[in-house]
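What follows is a single structure, written as structure tokens, with notes after it.
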Amino acid sequence: MIQRAPKVTFALFAYNQGDYVSEAVKGAFEQTYSPLEIILSDDGSTDKTADILQAMAYEYRGPHNIILNLNNTNLGLAGLINKILDLASGELFVI
């Protein structure tokens, strides 16, 4: 019997992290686990964070499934986690 690896959802949350978020996203994209779903989520930032996430998601050409979530308003941590859990399809969830 062949065992398959469980699908993992890796969620990257950001809020006003424009100076640092690209490094975090690069790290997420470099993960070697498969199957991996990566959710990039901006929680209503007022800086360039959402633009960076959107550009990086659009340009990504790797093996992982990318989901982009851009909130218009800040939901706060609990609200954001609930929203991301609704978007996630993995059997395991990593923040």
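The values are calculated or read from the model by the stated rules, or taken from the named source; none is laboratory data. Bear in mind the structure is a predicted one, so any value in this text is a computation, not a measurement. Reconstructed Cβ throughout: ideal geometry from the backbone, glycine too, with neighbour counts over all protein chains shown. Areas reflect the complete protein model, heavy atoms only, side chains present, ligands, DNA and RNA absent. Shrake-Rupley method; radii C 1.70, N 1.55, O 1.52, S 1.80 Å.
Among the chymotrypsin sites (Phe, Trp or Tyr not before Pro) found in segment 1-57, those both in a DSSP coil and sparsely packed, with 14 or fewer other Cβ atoms within 10 Å of their Cβ, are Tyr20, Tyr33. Suppose we flag trypsin sites (Lys or Arg not before Pro) only when DSSP calls them loop and at most 13 other Cβ atoms lie within 10 Å. Which is the longest uninterrupted stretch of the chain? Formally, the longest exposed-site-free interval is 5-60. For the chain, what class follows from the C-alpha gyration tensor (a ≥ b ≥ c being the square roots of its eigenvalues): rounded when a/c is under 1.5, otherwise prolate if a/b is larger than b/c, else oblate? Cα axes put the chain in the oblate bin.
Considering only DSSP states other than H, G, I, E and B, which GluC sites (Glu not before Pro) in the chain qualify as loop sites with at most 12 other Cβ atoms within 10 Å? Walk me through the intermediate numbers first.
Numbers: sites: Glu23, Glu30, Glu37, Glu59, Glu91; in loops: Glu30, Glu91.
Qualifying residues, ordered by number: Glu30, Glu91.
Kirkwood's formula applied to the C-alpha pairs of segment 48-95 gives a hydrodynamic radius of 12.3 angstrom. The portion of the accessible surface of the chain made up by carbon and sulfur, rounded to a whole percent, is 53 (1.4 Å probe; DNA, RNA and ligands excluded). For segment 55-95, the solvent-accessible area works out to 69 Å² per residue, with a probe of 1.4 Å and every protein chain left in place.
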